[in-house]
Amino acid sequence: MMNKLTRVTKQKGRKINVDTEFLKYLYDRGLTDQDIAKIFNVHITTVRRWRIKRLGLRLQEGRVKMSEDELNKLKILNKLGFNDKEIAIILGRDYNTIRKWRKRLGLEAVGYTCGSVLSCYIKRGYGEVIKDIISGLSDTEIMIKHKIKPATLLKIKQAISCAQITMEILDKIMRGEEI
């Protein structure tokens, strides 16, 4: 028999059945009360009541600590210039978990990275320029075709180069190779 929590909302008598094992699993993955509230579309205080009264979990008890391997990867990725969001994606962790651990370890926050700069260029409509650079079109042809200045082209090329190097390093890290 599954152990369920039931929440009846005041609006429309909506019932929410929550499997306690699933709720524990979400906490183990590093999700916050706020994240879980969004998943179940309930108020954050409802989730806190579930956690404290029904599951008997205090704030830190419900979360799995990051392993030494994960902490080492976090340190390496931060040193290489990855920001918290990118590290969270790479390690399969919640952004807030990574941010908190980075602060605990005394690591500096990373602002814009190669990937985020490249992403900004794509959002600004330079996706076709990037494709042309990667395909090997000459600088002159790209500037004429897309009507861009040499300085803009240079910045985009630098972001692409940086992103390619970053991907090579990331690939080595994920395979467990030395950098």
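Just wondering, is there one or more residues in the stretch 152-162 that are in a loop (DSSP other than H, G, I, E, B), free of Cβ contacts under 8 Å to residues at least 12 places away in the same chain and not assigned by TED's automatic domain parsing to the domain that holds I36? Explain how you work it out, then say what you get.
First, pick out the residues of the stretch 152-162 that are in a loop (DSSP other than H, G, I, E, B): none.
Within the stretch 152-162 (the criterion being in a loop (DSSP other than H, G, I, E, B), free of Cβ contacts under 8 Å to residues at least 12 places away in the same chain and not assigned by TED's automatic domain parsing to the domain that holds I36), the answer is no, since none of the residues qualifies.
Residue by residue, here is whether (1) surrounded by 12 or more Cβ atoms within 10 Å (Cβ to Cβ); (2) within 25 Å of the chain's Cα centre (by Cα); (3) closer than 30 Å to D33 by Cβ holds:
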| residue | (1), (2), (3) |
| --- | --- |
| L91 | yes, yes, yes |
| C120 | yes, yes, no |
| V129 | yes, no, no |
| A151 | no, no, no |
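Tally time: how many residues in the stretch 131-149 are among the β-branched types (V, I, T) and either part of a loop (DSSP other than H, G, I, E, B) or outside the structural domain of I160 (by TED's automatic domain parsing) (or both)? I'd like the intermediate steps shown before the answer.
Kept after step one, since they are among the β-branched types (V, I, T), are these residues of the stretch 131-149: 133-134, 140, 142, 144, 148.
From what's left, either part of a loop (DSSP other than H, G, I, E, B) or outside the structural domain of I160 (by TED's automatic domain parsing) (or both): 148.
Adding up the residues that qualify gives 1.
Within the stretch 23-42, take every residue that is farther than 22 Å from I98 by Cα and surrounded by 13 or more Cβ atoms within 10 Å (Cβ to Cβ) and give me the one that is modelled with the highest pLDDT.
Applying the first criterion (farther than 22 Å from I98 by Cα) to the stretch 23-42 yields 40-42.
Subsequent filtering for residues that are surrounded by 13 or more Cβ atoms within 10 Å (Cβ to Cβ) retains 40, 42.
Values: F40: 84, V42: 87.
Per the stated criteria, the residue is V42.
Quick one: is L80 over 30 Å from D19 (Cβ atoms), touching a Leu at 6+ places or on another chain (Cβ under 9 Å) and at pLDDT below 85?
Details: over 30 Å from D19 (Cβ atoms): yes; touching a Leu at 6+ places or on another chain (Cβ under 9 Å): yes; at pLDDT below 85: yes.
Considered against the rule, which asks whether it is over 30 Å from D19 (Cβ atoms), touching a Leu at 6+ places or on another chain (Cβ under 9 Å) and at pLDDT below 85, L80 comes out as yes.
Would it be correct to say that E128 is under 30 Å from M143 (Cα atoms), touching a residue at least 12 places away in the same chain (Cβ under 8 Å), part of a helix (DSSP H, G or I) and of a type outside the set (S, T, Y)? Write out each step before concluding.
Working: under 30 Å from M143 (Cα atoms): yes; touching a residue at least 12 places away in the same chain (Cβ under 8 Å): yes; part of a helix (DSSP H, G or I): yes; of a type outside the set (S, T, Y): yes.
Considered against the rule, which asks whether it is under 30 Å from M143 (Cα atoms), touching a residue at least 12 places away in the same chain (Cβ under 8 Å), part of a helix (DSSP H, G or I) and of a type outside the set (S, T, Y), E128 comes out as yes.
For the stretch 93-118, enumerate the residues that are buried (at least 16 other Cβ atoms within 10 Å of the Cβ) and either closer than 18 Å to S161 by Cβ or touching a Ser or Thr at 6+ places or on another chain (Cβ under 8 Å) (or both).
Those that are buried (at least 16 other Cβ atoms within 10 Å of the Cβ) and either closer than 18 Å to S161 by Cβ or touching a Ser or Thr at 6+ places or on another chain (Cβ under 8 Å) (or both): D94, T113, C114, G115, S116, V117, L118.
Name the residue that is nearest to G30 (Cα to Cα), counting only residues in the stretch 101-121 that are at pLDDT 90 or above and in a helix (DSSP H, G or I).
Among them, the one singled out is W101.
Could you say which residue among I156, I134 is at negative phi and touching a helix residue (DSSP H, G or I) at 6+ places or on another chain (Cβ under 6 Å)? Break it down stepwise before answering.
On the way: I134 fails: touching a helix residue (DSSP H, G or I) at 6+ places or on another chain (Cβ under 6 Å).
Step by step, each of I156, I134 is checked, and only I156 is at negative phi and touching a helix residue (DSSP H, G or I) at 6+ places or on another chain (Cβ under 6 Å).
Can you tell me which residue is nearest to Y27 (Cα to Cα) among those in the stretch 63-89 that are β-branched (V, I, T) and surrounded by fewer than 19 Cβ atoms within 10 Å (Cβ to Cβ)?
Applying the first criterion (β-branched (V, I, T)) to the stretch 63-89 yields 64, 76, 87, 89.
Filter again for surrounded by fewer than 19 Cβ atoms within 10 Å (Cβ to Cβ), leaving 64, 76, 89.
Details: V64: 8, I76: 25, I89: 17 Å.
My answer is V64.
The values are calculated or read from the model by the stated rules, or taken from the named source; none is laboratory data. Being a predicted model, the structure only gives us computed values, none of them experimental. Here the Cβ is made from the backbone with ideal geometry for all residues, glycine too, and neighbour counts use every protein chain on show.
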